[in-house]
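In what follows, a structure is listed as structure tokens, so that the remarks can point back to it.
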Amino acid sequence: MNTKGTILWVDDEIELLKPHILLLEQRGYEVRTATNGADAVALNTQSPADLIFLDEMMPGMGGLETLIELKAITPRTPVVMVTKSEEEDLMEQAIGKKISDYLTKPVNPTQVLLAVKKFLEGKQIVSEAVSRDYTQEFAKMGRELMMATNANDWIELYSKLVSWEMELDIHPDLGLTQTIIDQKREMNSEFSKFYERNYKSWVNTIFTPENANERPALSPDIADQWLLPILRDNKRKVVFLVIDCMRYDQWLIMEREIAPLFKIKRDFHFGIVPSATPYARNSIFSGQFPSDFGKMFPDTWTSGDDEHSQNKDEAEMLKLLLERRRVKLSQDLKYIKIVDRDFGAGIAQNISTYARNQLTAIVVNFVDMLAHTRSDSPILKEIAPDERAYRSLTRSWFLHSSLYEMFKTLAQQPNVTVVVTTDHGSIRSLRGAKVMGDRETSTSLRYKYGRNVKAEDKQAMFIKKPEEYKLPSRAVTTNYIIAKEDYYFVYPTDYHKYLNHYKDTFQHGGISMEELILPVITLESK
């Protein structure tokens, strides 16, 4: 006979529990009984139960002793302790020995049934509810997508989508993975159109909190909106963390781990395009668009495509930004760039010292390295073949990272505010787009600049006059193309070779929600 599960109920007064046992059997559960610990251990050895109810007070082998024996046989089987005692010490002993729940006698049928459903049907019940709720929300988000007209609408839509992605990560067997992939692709298609329509106007309009709905905070606005107001309060120190290439879902993975440590405030900014480090991160530290900081630091755009040389002036950029805004620090600005594990471990050990400065800015490159390494490594591709696994890989890295150690130490520092953001995110690039250009055209996969660089309008945003978009012109005939959605650029020469080589890699530089709707997090210790 098929049952919903097998229950072992251990109690020296088992006859008094017949009504409960009968109710459970009527509901489709198989119930076995034992009146002492020794019999319970023997029964569970012979045929392990799916759930155990265990009386705490029994003659001979007591409940806690029996619990140890049962856990040795089937350590993962949930055990519900049932007792007349409400002493806190007993509860702590039971919890310490890994009971799953705790009921106080006399138990009523509702309590028993609730415990059984929780452990034997809970996953199925939750999965069915998740499936039902997402199906309803899917239709709702579809309607909201058609009505999304401003930045806040897109932030809300993307936040919902990411929340559902992470919820469905827990329930991979529901068969909804492809549904949410298709929904995200549709949303990115509309988001790319929205960005292309509005971006030129945004970069030529000064941001204010009053016009935030129409012109979102962009990369150059981060310091003015979230960093400088705290610095002007001389009572608080600030640690400014810029985590290169961090998507919103990756932040949420990290946030789950540090939530017990901090009061957390979430905001968002929109990244600039190209959504690449030389443009966006320099923009964050300078408080300027690329064409403007390029005038102050012309080497930025004459040193080729090497990101390390193009971002070598970040500390000086931030220093000049503070001077322009007339923010005087009580100590010199401390700027740190973490590019390897050993150096990061050293910074984590000394972070409490750095936190005594009025402003410490730290760039963390590991998430960017994770994206690039996954793209280049067949082993990592196998470990993280999809978005769900990539989030899992992010969590594994974070839990063993110097960044996590820094957060734990910073949470213990008095009068320290931590501001966390990123320069751009990344997208899993799945579709190739043919691009035309000469030998001088830049090499990036999600954006290119050069003379007469061309791609299809559906696949790329075309920028003929860079100065109108606050981008460096580089030469009189320079134009830019920025990949939309999940496209990546491939030249016609050896097209299929490179199409396959770069397919299913995490890239950045283009226009997608993952690359451009970015968190700004303010943390204060609890």
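Coordinate-derived values only; no laboratory data. Remember, predicted model here, so these are calculated numbers, not experimental data. We place every Cβ from the backbone using ideal geometry, glycine too, and count neighbours over all the protein chains shown.
So the values come out like this:
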read-out	value
3J(HN,Hα) from dihedral phi, segment 411-418, Karplus parametrisation 6.51/-1.76/1.60, rounded to Hz, x for glycine, proline	5, 9, 8, x, 6, 10, 10, 9
Hypothetical label at LYS263: residues of segment 348-365 whose amide nitrogen lies under 15 Å (7 Å Cα-Cβ projection)	none
Euclidean distance between Cα centres, segment 488-503 to segment 94-143, Å	48 Å
Answer label for Cα extents along the principal axes in Å (calculated), chosen among [x] 73, 63, 53; [y] 92, 55, 43; [z] 90, 69, 51	[y]
Chymotrypsin sites (Phe, Trp or Tyr not before Pro) lying in DSSP loop within segment 399-447, provided at most 11 other Cβ fall within 10 Å	none
Cut-off under 5 Å, modelled amide H: who pairs with TYR488 long-range	ARG431, GLY432, ALA433
The chain - share of DSSP beta bridges that are antiparallel (%, nearest 5)	40 percent
Relative contact order (%) - criterion: Cα under 8 Å, at least six apart; region: the chain	16 percent
Relative contact order computed over segment 431-503 (Cα-Cα under 8 Å; 6+ residues apart), in percent	39 percent
Environment charge at ASP173 (Cβ cut-off 13 Å; Lys +1, Arg +1, Asp -1, Glu -1)	0
Charge tally in the Cβ shell below 12 Å around TYR134, where Lys, Arg are +1 and Asp, Glu are -1, TYR134 excluded	-2
Per-residue [θ]222 nm for the chain (sum of -39500 (n - 2.57) over DSSP H runs n ≥ 4, rounded to 500)	-13000 deg cm²/dmol
Förster radius 35 Å - calculated FRET efficiency between ASP299 and LYS458, Cβ distance, rounded to 0.05	0.45
Total formal charge among the other residues, if their Cβ is under 15 angstrom from that of LEU24, Lys/Arg +1 and Asp/Glu -1	+1
Under-5 Å amide H pairs with THR417, H placed in peptide plane, nonlocal only	LYS237, VAL238, VAL239
Those lysines that a straight Cα-Cα span of less than 26 Å connects to LYS295, excepting residues fewer than 8 apart in one chain	LYS200, LYS312, LYS319, LYS328, LYS334, LYS337, LYS448, LYS464, LYS465, LYS470
Value of relative contact order over segment 6-107, rounded to a whole percent, pairs C-alpha under 8 Å and six or more apart	25 percent
Karplus-derived HN-Hα couplings along segment 210-227 (A = 6.51, B = -1.76, C = 1.60, θ = phi - 60°), whole Hz, x at Gly and Pro	6, 9, 4, 5, 9, 10, x, 4, 10, 3, x, 8, 4, 4, 5, 8, 10, 9
Three-way shape label, segment 96-211, alpha-carbon gyration tensor, a/c 1.5	prolate
DSSP bridge pairs, segment 431-503: antiparallel proportion in percent, nearest 5	70 percent
Cβ-based exposure ranking for GLU387, GLU69, in which fewest neighbours within 10 Å come first	GLU69, GLU387
Amide H partners (placed H, <5 Å) of ALA460, local residues excluded	LYS484
Segment 177-191 residues near the modelled ASP504 label - backbone nitrogen below 19 Å, point 7 Å along Cα→Cβ	177-182, 185
Sorted by Cβ neighbour density within 10 Å, fewest at the top, the residues TRP164, TRP154	TRP164, TRP154
Three-way shape label, segment 150-300, alpha-carbon gyration tensor, a/c 1.5	oblate
Segment 224-303: trypsin sites (Lys or Arg not before Pro) in DSSP loop, at most 13 other beta carbons within 10 Å	ARG232, LYS235
